[in-house]
Every structure is written in structure tokens, then in C-alpha cells.
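First the structure, in the form of C-alpha cells, and then the observations on it.
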Amino acid sequence: MVDRLANSEANSKRIGFVEACFGTAGQPLAIPGRVLIGEGVLTKLCRKKPKARQFFLFNDILVYGNIVILKKKYNKQHIIPLESVTIDTVDDEGELRNGWLIKTPTKSFAVYAATATEKSEWMSHISKCVSDLLEKSGKSPTGEHAAVWIPDSEATVCMRCQKTKFTPVSRRHHCRKCGFVVCGPCSEKKYLLPSQSSKPVRVCEFCYKQLSTGATLPSHSDSRHGLEFSSNNMSDDDDEDDSSD
């Protein structure tokens with residue numbers, strides 16, 4: 001079905017419409033063989049709070065952006081190659097329901113659909129696209145994934161020293177290796193994590209020591225959301241920006 005749609009006029013028009021919604025700030029999306037599989041609004045668990053984002057699933061990439069005018073205008077376009085994606089379900093908790101993790105070597109995060117049916121359809125389509133891509137390329141699934149950042153609201157004190165309370169003066173930071181919310185003194189070091197950035201990125205003291213000695217880092221889990229943690233590709237500017245993801 002995907003092969004049949006690849007060169008169809010309807011598919012070309014749909015992709016052209018998505019490009020137009022992102023405007024000149026977005027990257028071109030129309031390439032030979034690319035098919036728009038589906039689209040919809042999902043709630044993305046961001047650093048400060050859950051936020052609605054528009055997602056577009058193609059047969060080879062996942063694209064999402066901020067909603068400026070629904071079905072008309074989006075900005076801050078993000079493009080994720082599906083070959084590097086794995087997904088895992090997230091248990092329901094409170095208002096956060098029908099969720100799953102989208103994990104890649106450079107960025108990992110949780111998203112939530114409006115209904116269980118939508119969640120099932122999204123996960124099924126993403127899995128099928130990833131499987132088809134890996135089969136065609138002969139590649140193996142990605143083994144390493146970035147951390148899902150623990151939301152700021154989950155930590156009132158530094159998750160490493162367990163002493164520093166967060167205030168407007170003592171601000172929250174995120175370790176790019178473990179995803180923990182940490183204070184400034186506990187995250188003064190930087191380390192080169194090639195899968196996230198070409199420049200050294202902020203890491204906590206614990207992860208810095210482990211990385212420097214080549215020791216195996218333990219995986220961390222959040223008992224409240226069932227999330228795995230291990231690094232994100234946000235820059236320091238994103239870390240400081242209240243409005244960023």
C-alpha cells in the first residue's frame with residue numbers, strides 16, 4: 001500500500017500541505033518514496049508540563065511541531081528518523097493516560113493520546129514503519145537510547161545531593177546522561193556524548209565520574225511513570241529556557 005501511494009498525487013498534495021504549515025522555517029519534506037501515513041495531536045511530556053504537539057508519521061520519519069493555528073500553522077519543526085526509533089508503552093497514571101515512549105539515541109520522550117484506540121493505532125503504525133525500514137536496510141534495531149528527562153515538577157530538591165532545594169535562585173538543571181533533575185553544583189561538569197551533541201554537554205557529578213572511568217552506568221527508572229532514563233540532546237539554552245521542550 002505504501003509503495004502504491006508513494007507516487008500518487010494525493011500523497012504529494014498532503015506532504016505539500018504539511019510543508020506549507022511549517023512555512024519557510026521548516027525543512028522540505030517531499031522526497032521520492034516518502035509517504036504520509038497519518039497525523040494527529042498528541043500530548044508531549046515536556047520539561048515544565050505536558051504540552052499539545054502536532055505529529056506527522058511518514059514511512060521513514062516522524063515529524064512534530066508546536067501548534068500555532070491547528071491545521072494551518074506550526075513551528076519549531078522536529079524530524080526524527082524512524083530507523084533509530086523504539087517505542088515502549090507507559091502505564092496510565094492520573095490524568096496521564098494512553099501513553100508510550102518514543103526513544104532514540106539523541107532524544108527520548110513520552111507522548112499521550114486522547115484514547116486507548118488512538119494509542120494502539122499510533123504504536124502499531126510506528127512499529128510497522130520501523131520494521132519495514134530495518135528489513136529493507138538490513139540494519140539491526142538501535143541499542144542505545146537517550147534519557148527521558150524527569151519533569152521539573154517531580155523534584156523539589158536535587159536528585160543527587162538530596163539537599164539543595166530548588167528556588168528561583170537555585171534553579172533546576174538536567175543531567176544529559178541520566179535525565180535526573182539536579183542543582184548547579186551537582187552538574188558543573190560537561191562531557192562529550194557524541195550521540196547527543198558535537199560539544200560537551202551538562203552531566204551530573206555521578207555520571208561524570210562513571211563516564212570518566214569507563215564504568216557501566218546503571219539504568220534508572222521512575223516508579224511513577226515507568227520511564228527509563230539515560231540522555232537528551234537539548235542544549236544548555238534549552239535547559240535554561242522555560243518555554244522549551
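The values are calculated or read from the model by the stated rules, or taken from the named source; none is laboratory data. Only a predicted model underlies this, so the values are computations on that prediction, with no experimental measurement involved. All Cβ positions, even for glycine, are placed from backbone atoms using ideal geometry, and neighbour counts span all protein chains on display. All accessible areas refer to the heavy atoms of the entire protein, side chains included, with ligands and DNA or RNA removed. Shrake-Rupley method; radii C 1.70, N 1.55, O 1.52, S 1.80 Å.
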What number comes out for the charge environment of Ala25, summing +1 per Lys or Arg and -1 per Asp or Glu over other residues with Cβ under 12 Å away?
+1
Whole-angstrom gap from the range 159-181 to the range 71-92, using each part's C-alpha centre:
26
Hey, what angle do you get for helix 9-22 against the long axis of the chain, alpha-carbon based, 0 to 90 degrees rounded to 10?
40
In the structure shown, do any of Lys103/Lys189; Lys73/Lys165; Lys119/Lys165 have a Cα-Cα gap over 32 Å, and if so which?
Lys73/Lys165; Lys119/Lys165
Considering the Cα trace of the range 65-168, what is its radius of gyration and what is Dmax, both in angstroms?
17.0, 51
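Can you give me the % of accessible surface on the chain that is carbon or sulfur? Probe 1.4 Å, all protein chains present, nothing else counted. Mind dumping the intermediate values first?
Details: 6650 of 12730 Å².
Whole-percent figure for carbon plus sulfur exposure: 52.
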Tell me which residues come under 5 Å, amide H to amide H, from Val90 once H is placed; ignore anything under 5 positions away on its chain.
Gly99, Trp100, Leu101
For the range 9-108, which semi-axes, largest first and in whole Å, follow from the square roots of 5 times the eigenvalues of its Cα gyration tensor?
24, 16, 12
If the cut-off is 16 Å between C-alpha atoms, which lysines fall inside it for Lys72, apart from same-chain ones fewer than 8 positions away?
Lys13
What accessible area per residue, rounded to a whole number of Å², is obtained for the range 28-76 using a probe radius of 1.4 Å?
44
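Too long at a 18 Å Cα-Cα cut-off: which of Lys76/Lys190; Lys44/Lys107; Lys51/Lys163?
Working: Lys76/Lys190 26 Å; Lys44/Lys107 13 Å; Lys51/Lys163 30 Å.
Table pairs above 18 Å Cα-Cα are Lys76/Lys190; Lys51/Lys163.
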Alpha-carbon Rg with Dmax, taken over the chain, Å:
18.8, 60
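Quick one: pull the percentage of alpha-carbon pairs in the range 153-193 with a separation above 15 Å. All intermediate terms of the calculation are to be shown ahead of the outcome.
Values: 262 of 820 pairs.
Cα-Cα pairs in the range 153-193 separated by more than 15 Å: 32 percent.
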